[in-house]
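The values are calculated or read from the model by the stated rules, or taken from the named source; none is laboratory data. Remember, predicted model here, so these are calculated numbers, not experimental data. A quick note on method: Cβ atoms are made from the backbone with ideal geometry, for glycine too, and the neighbour counts reach across all protein chains shown.
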Amino acid sequence: MDRELLEQTLADLGQPPYRARQVWERACAGAASYEEMTSLPKELRTQLTDRVPFSTLSPLQRREARDGTVKLLFQTADGHPVESVLMRYRDGRRSVCISTQSGCPLQCAFCASGQMGFKRNLSAWEIVEQALFFLREIGSAEGSHSGSEVTAESEPEPGERLSNAALMGMGEPLMNYEAVLTAVRALPDLGIGHRHTAISTAGWAPGIDRLTTEDLPVRLALSLHAPDDELRRRLMPVTARFPIAEVLAACKRFYDVRRRKVLVEYLMLAGVNDHREQARALVRLLNPKIFKLNLIPYNETGDGRGAFSGSSRPAIDAFREVLAKAGLEATVRVARGREIEAACGQLAGTAGTAGRT
Ligand code: SAH
């Protein structure tokens, strides 16, 4: 629901100022339509249904993996794909991975979103609506449960609620800055605090500097994937515009002001960036006071290009060992939802809605 449109519409209808907040709170409590908001006058519910779309995203496909990971593929009102993932962790965390653009302009060589081309920026409310879908699926910020049409299969566990958000779905968040920030500022209403919100960037340096100036304790994540500019340019063309040194300097400024460690994401690609020498190069590059690493097993995108394959587990462990010896903290990301192609861009790519460019 577009909150600006909601506020404007309620004002036009001569409604009292508290109404907009009331409607939004009901949505964050898990209402799936205006009709369900029985605390509103009946006539108003009908007026809102006619004038302010409750959601502009239509779910097209839902897949659930054995580990409880749920992937939703949506379509925007103008027909573009958007995908989002819910990850359920054993420690109780419920993390949503949400998209900030449909497709992506950055064209990273290994990523399915880039291969689909760039459609458009998502609005703030299209970003928030992805999380609201999952909130309805697993329970509200208030802990009450209510189903929605696309839920069906899995029953929510008692007391299940969203806890974390990662702006790590399709798109480059820092190239859609205003909408992303508006969305992030709305997430606490869904029970997701800023400290539990991570914004992941391919290294859009001016966006990192801008984020540094915001009074928001969000986590910054940087997709690095290579320790030198030459290799990184091949994997991530954005490097030609913002070289590694420039991006890391922006991350350091972020750390100096915000005092939160930057999470460096590093995809493990067999024979490409997983040599011990490259681990040593990372050690020279990354100050352990500022950065911690997350090694990511590669999800093969399965589009027949076969350009990359994921590093073996022993190769990942050996790489990690070099980092650990040098005091650089590194965790290995647990691959979730692999059988449902939960990696970036994969579902839209296989569902054939993407309309490749
Ligand atoms: N543009 C932002 C956020 C979206 S990508 C960024 O680059 O950080 C989110 C993460 O998923 C990035 O680290 C990206 O490199 C990674 N990723 C993309 N394709 C992947 C794949 N097939 N397997 C595993 N991770 C992938």
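Please go through region 180-196 and pick out each residue that is of a type outside the set (Gly, Ala, Ser), surrounded by 22 or more Cβ atoms within 10 Å (Cβ to Cβ) and within 16 Å of the ligand (Cβ to nearest atom).
VAL180, VAL184
Return yes when ASP209 is away from the ligand (no atom under 16 Å from the Cβ), in contact (Cβ under 8 Å) with a residue 40 or more places away in the chain and within 13 Å of VAL257 (Cα to Cα) and no when it is not.
yes
Quick check on region 274-311: of everything there that is in a loop (DSSP other than H, G, I, E, B) and modelled with pLDDT of 95 or more, which residue is nearest to GLN115 (Cα to Cα)?
We begin by selecting, within region 274-311, every residue in a loop (DSSP other than H, G, I, E, B); these are 274-275, 286-290, 298-309, 311.
So of that shortlist, the ones also modelled with pLDDT of 95 or more come out as 274-275, 286-290, 311.
On the way: ASP274: 23, HIS275: 26, LEU286: 30, ASN287: 33, PRO288: 34, LYS289: 35, ILE290: 32, SER311: 22 Å.
Per the stated criteria, the residue is SER311.
Scanning for something in contact (Cβ under 8 Å) with a residue 40 or more places away in the chain and among the hydroxyl-bearing types (Ser, Thr, Tyr), does region 40-52 turn up at least one residue? If you could, list the steps in order and put the result at the bottom.
The first filter runs over region 40-52 and keeps only residues in contact (Cβ under 8 Å) with a residue 40 or more places away in the chain, leaving 48, 51-52.
Those still in the list that are among the hydroxyl-bearing types (Ser, Thr, Tyr) too: none.
No, there is no match, as no residue in region 40-52 is in contact (Cβ under 8 Å) with a residue 40 or more places away in the chain and among the hydroxyl-bearing types (Ser, Thr, Tyr).
If we keep just the residues of region 106-130 that are assigned to a loop (DSSP other than H, G, I, E, B) and away from the ligand (no atom under 13 Å from the Cβ), which is surrounded by the fewest Cβ atoms within 10 Å (Cβ to Cβ)? Quick ask: steps written out before the conclusion?
Keep residues of region 106-130 that are assigned to a loop (DSSP other than H, G, I, E, B), which gives 106-111, 116-117, 122-123.
Right, trim to away from the ligand (no atom under 13 Å from the Cβ) and you get 117, 123.
Working: GLY117: 15, SER123: 18.
Step by step, filter region 106-130, then rank; the result is GLY117.
Could you please give the count of residues in region 165-179 that are crowded, with 24+ Cβ neighbours inside 10 Å and more than 14 Å from the chain's Cα centre (by Cα)?
Residues that pass the stated criteria total 0.
Which condition breaks for ARG210 when tested against (1) surrounded by 22 or more Cβ atoms within 10 Å (Cβ to Cβ); (2) more than 17 Å from the chain's Cα centre (by Cα); (3) under 27 Å from VAL96 (Cβ atoms)?
(1)
Within the bounds of region 91-105, is there any residue that is away from the ligand (no atom under 16 Å from the Cβ), of a type outside the set (Lys, Arg) and in the same structural domain as GLY171 (by TED's automatic domain parsing)? If you could, list the steps in order and put the result at the bottom.
Within region 91-105, the subset away from the ligand (no atom under 16 Å from the Cβ) is 91-94.
Subsequent filtering for residues that are of a type outside the set (Lys, Arg) retains 91-92.
Adding the requirement that they be in the same structural domain as GLY171 (by TED's automatic domain parsing) leaves 91-92.
Within region 91-105 (the criterion being away from the ligand (no atom under 16 Å from the Cβ), of a type outside the set (Lys, Arg) and in the same structural domain as GLY171 (by TED's automatic domain parsing)), the answer is yes, since at least one residue qualifies.
I'd like the residue in region 195-249 that is at pLDDT 95 or above and of a type in the set (Asp, Glu) and, out of all such residues, is nearest to ASN294 (Cα to Cα).
Out of the qualifying residues, it is ASP228.
When both residues are 6+ apart or on different chains and their Cβ atoms are under 8 Å apart, which pairs have a first residue that lies in region 2-17 and is touching a residue at least 60 places away in the same chain (Cβ under 8 Å), and a second that is not in a helix (DSSP H, G or I)?
ASP2/VAL52; ASP2/PRO53; ASP2/THR56; ASP2/SER123
Counting only residues that are buried (at least 16 other Cβ atoms within 10 Å of the Cβ) and of a type in the set (Asp, Glu), which one in region 265-296 is farthest from the chain's Cα centre (by Cα)?
Going through the qualifying residues, I end up with ASP274.
Residues ARG259, ARG253: which one is within 25 Å of the chain's Cα centre (by Cα) and on the phi > 0 side of the Ramachandran plot?
Numbers: ARG253 fails: on the phi > 0 side of the Ramachandran plot.
None of the others qualify; the one that does is ARG259.
In region 107-133, how many are modelled with pLDDT under 95 and within 30 Å of ASP189 (Cα to Cα)?
Residues that pass the stated criteria total 1.
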